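The values are calculated or read from the model by the stated rules, or taken from the named source; none is laboratory data. Just so we're clear, the structure is a prediction, and the values are computed from it rather than from any experiment. Cβ atoms come from the backbone with ideal geometry, glycine included; neighbour counts cover every protein chain shown. These area figures cover heavy atoms from the full protein model, side chains too; ligands, DNA and RNA do not enter into them. Shrake-Rupley method; radii C 1.70, N 1.55, O 1.52, S 1.80 Å.
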Amino acid sequence: EAGVAQSPRYKIIEKRQSVAFWCNPISGHATLYWYQQILGQGPKLLIQFQNNGVVDDSQLPKDRFSAERLKGVDSTLKIQPAKLEDSAVYLCASSLEGGLNEKLFFGSGTQLSVL
Amino acid sequence: AQSVAQPEDQVNVAEGNPLTVKCTYSVSGNPYLFWYVQYPNRGLQFLLKYITGDNLVKGSYGFEAEFNKSQTSFHLKKPSALVSDSALYFCAVRVKVYNKLIFGAGTRLAVHP
């Protein structure tokens, strides 16, 4: 079965520029997650979708970050404007229904460098 | 609030020796506990989980983990380490009231030939 697809793999931008990441989850997975992984830290949940609705975005910096999953399938995460501290790997994950005991399937991530 | 602690940044083990990667958690309510592994330039992969029942759970690649409720721990173990086990290991916890998966900071496992 195809895994979680993410693009681009790497992105380098200057501060104050904008950037967008794309994620296509495993077919049939209702729940989609965006995590931010800063070097030396564990992944931090930014936003969780159930189909096309937001379940949790409490840790999303809404003044600069936005995410959407319009048709309940693929998703985009945008940063505008970017700051130096946004340099991180952005991981997308999906799970079947979002249940407490479900394992998450992760993509390979997008490594963002903000200069 | 829920949190996960992995007290060791790095664990060094000789190939063939047993390994333990430590994890403790703090939650309100019954925890759902997970271990994930991250190889270089790759996303996280699920290893095993504890939901309920037997305190010793077995997972992928010969790994197992022991849930200890009194010590609020969920240590990852393997009887005989392989060089290919070298990777970054993350413990994670989820509880019903929050329903979000919270990760520890990770422990780098280095297995030496």
For residue A:52, what charge total do you get from the other residues with a beta carbon under 15 Å from its beta carbon, if Lys and Arg give +1 and Asp and Glu give -1? -3
Reduced to Cα centres, the span from segment A:9-70 to segment B:14-78 in Å works out to 26
In Å², nearest 100, what accessible area do chains A and B bury in total when the solvent probe is 1.4 Å? 1800
So how strong a dipole does the protein assembly as shown carry about its Cα centre when Lys and Arg Cβ are +1 and Asp and Glu Cβ are -1, to the nearest 20 debye? 320
Carbon plus sulfur, as percent of the 1.4 Å-probe accessible area of segment A:17-96, comes to 51
Fluctuation leader among A:25, A:61, A:43 - chain A, Gaussian network, Cα springs under 10 angstrom: A:61
Can you give the relative contact order of chain B as a percent, counting alpha carbon pairs under 8 Å and 6+ residues apart? 38
Using Cα pairs under 8 angstrom and six or more residues apart, how large is the relative contact order of chain A, in percent? 37
Candidates A:105, A:49, A:21, ranked by Gaussian network fluctuation over chain A, Cα under 10 Å, top entry: A:105
With a probe of 1.4 Å, find how much accessible area chain B has per residue, and write the answer as a whole number in Å². 47
Nearest-20 debye value, segment A:20-115 charge dipole, Cβ charges on Lys, Arg, Asp, Glu: 120
Cross-link partners of residue B:58 among lysines (Cα-Cα below 21 Å; sequence separation of 8 or more within a chain): A:103, B:22, B:49, B:69, B:77, B:78
Charge context of residue B:45, other residues only, Cβ under 13 angstrom, K/R +1, D/E -1: +2
Determine, from the Cβ-Cβ distance of residue B:66 and residue A:51 and an R0 of 41 Å, the FRET efficiency 1/(1 + (r/R0)^6), rounded to the nearest 0.05. 0.65
